[in-house]
1. When DSSP assigns beta bridges and you keep just the ones with both residues in the chain, what percent turn out antiparallel, to the nearest 5?
2. Leaving out same-chain residues fewer than 8 places away, which aspartates and glutamates sit with a Cα under 18 Å from that of LYS14?
3. Which one, PRO34, GLY70, SER90, is farthest towards the positive end of the dipole of the chain when Lys and Arg carry +1 and Asp and Glu -1 on their Cβ?
4. Would you grab the residues whose amide H sits under 5 Å from the one on LYS75? Only those 5+ places off in sequence or on another chain, please, with H modelled 1.01 Å from N.
5. Compute, for region 2-99, the length of the dipole vector about the Cα centre, with Cβ point charges of +1 (Lys, Arg) and -1 (Asp, Glu) only. Units Debye, rounded to 20.
6. Helix 37-51 versus the longest principal axis of the chain: what angle, 0 to 90°, nearest 10, using Cα atoms?
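Read the figures in this text as sums done on the coordinates, not as results from a lab. Since we're looking at a predicted model, the values are computed, not measured. Because the Cβ atoms are built from the backbone with ideal geometry, glycine has one as well, and the counts that use them run over all protein chains shown.
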Amino acid sequence: ALRLLFKMLSSCSKVGDPHPGQPYKGGKFCAFLPDNRDGQRTAMLLKKAFEHGLTFQIKSCNGEERVTWGLIPHKTSWDGGKARNGYPDSQYLREVCTVL
């Protein structure tokens, strides 16, 4: 399995974010892909999306601004199936590549 790790630091939001100039809390995020040709290709597309600022967003949660996953679906568990954001999910790679 391929494991994608993201560490988003706490900072202040910028112009274009929901509340510019407000501090937000970062976090650690992890996603999984199968270690095969399609998984590796998807990892490269996800890397490009990350480099363009499309992977995460800032949202209010219980009165606190924090970094959360954006609109691109990620598998955050290796198991548990689609209902638990994990595998098996035979359509995931096709679906995420369509979004990307």
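1. Once the DSSP bridges in the chain are tallied, antiparallel ones form about 95 percent.
2. Hits, sequence-local ones excluded: GLU51, GLU64, GLU65.
3. PRO34
4. Counting only residues 5 or more places away or on other chains, the set is PHE32.
5. Rounded to the nearest 20 debye, it is 140 debye.
6. Long axis of 37-51 versus the principal axis of the chain: about 10 degrees.
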